[in-house]
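Heads up, the thing below is written out as structure tokens.
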Amino acid sequence: MHFHRHLLAAVAFGVAAATAAPLFMAGPVDACLHPPVEIAYPLKPGTQLALVFFADGRQEMVIRPSYKLELPETGPNAPKDDAHGRLTTLAWVVPVPNVPDSYKEVDASMFTKLREFTPIDMISPLNSDSPRENRARHSADQKGVTMLEAVSVGDYTIQPIKAKGELGGLELNAWLKDKGFGEIAAATLKYYLEKDYCWLAVRIHNAKGLPANGEVKPLQIGFATEKPVFPLKIHAGGNSFDLELWLITGKEIDTEKSKEYGLKTAGQISDLQTQRNQQTTFAELPEKVRAVANDVAGLKSLKSGNVHCVRFFGNGLNKATDLAKLETDLTFEFKPQPESK
């Protein structure tokens, strides 16, 4: 997901907002203000959570952005009342390998259940615009941009976009800037254009106000892909952030290769830690987690035999790990399968 580095809050009277990557931070982040049309308030990143189910070329990805709205208590910019400082709209961009064929809102407690199912144990006792606007819908134009049919799911509106070539990239960036999503850095844009990724311009809107605690409903996106993926390069050059991601597959993941992207398991962070239920079965997963994959035909192979449920932590991405230096986006690799006799 790409979040504009200038953080804005959309107040109740309709100022559009583009946010920086909503990720859980180890420390405070200074957010610079985009020149406001009306009164605007800075946002600080919260915890970014993600779940990926993968089997047989099919991926279901659940993402949950979060934020903290910084409202001044005094001064000329202090909100006059609760409604005046209410955040109503957030927008971001998610690049995926192929055009998704499904979108859903997910119960917000799903990640709570995942954390409870995959606790980290100590091995040793030692302590250490209108968001629902569809006017952009049209067919491919001469500049290499195709606006696919927009989709509305609950509070979310998703505009899938295909862009080809240098002119397509320029047109895409112009559209993103005009719609309040911010521009994609040239090197990052070039990478995804060469891979022919689909761009998802995602906006969440609720006229009554988004949750005050910054934890919005997760969004589930389903698409085809050869290997499990997660968009990290899109954040290159942005704010430092943390990511907590679960990957559930039928094959064992090569977690050593994931370290190249700044993601580590509990055991890789400290040899005194281990994750519970790293190998389990689909039936043993929490009900709300199973619900993500229950009705997905492409994931049916996960329902028999063991599955691997790996919890990854990415701390200080863009700081401890420079995402701008990644040659490829995050693609999870499997360990070689033993040859059958």
Excluding near-sequence neighbours (fewer than 8 apart on one chain), the stretch 210-287 holds lysine pairs with C-alpha atoms under 24 Å apart numbering 10
Honestly the stretch 150-269 on the Cα gyration tensor test (a ≥ b ≥ c root eigenvalues; a/c under 1.5 rounded, otherwise a/b vs b/c for prolate or oblate) is just oblate
Taking a ≥ b ≥ c as the square roots of the eigenvalues of the Cα gyration tensor, with a/c under 1.5 meaning rounded and otherwise prolate when a/b exceeds b/c and oblate if not, the stretch 287-341 is oblate
Here the gain from full extension of Ala207 to Asp178, 0.36 nm per residue of separation minus their alpha-carbon distance, amounts to 8.3 nm
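Mind sorting Thr157, Thr281, Thr89 by how few other Cβ atoms lie within 10 Å of their own Cβ, fewest first?
Sorted ascending by nearby Cβ count, the order is Thr281, Thr157, Thr89.
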Going from the fewest other Cβ atoms within 10 Å to the most, one would list Ile120, Ile158 as Ile120, Ile158
Within the stretch 160-230, DSSP-loop GluC sites (Glu not before Pro) with at most 11 other C-beta atoms within 10 Å are Glu226
Honestly the stretch 204-341 on the Cα gyration tensor test (a ≥ b ≥ c root eigenvalues; a/c under 1.5 rounded, otherwise a/b vs b/c for prolate or oblate) is just oblate
Listed with the fewest Cβ neighbours within 10 Å leading, Leu114, Leu193 appear as Leu193, Leu114
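Computed from the coordinates by the stated procedures, all read-outs in this text should not be read as laboratory data. Being a predicted model, the structure only gives us computed values, none of them experimental. Cβ coordinates were reconstructed from backbone atoms using ideal geometry, including for glycine residues, and neighbour counts include every protein chain displayed.
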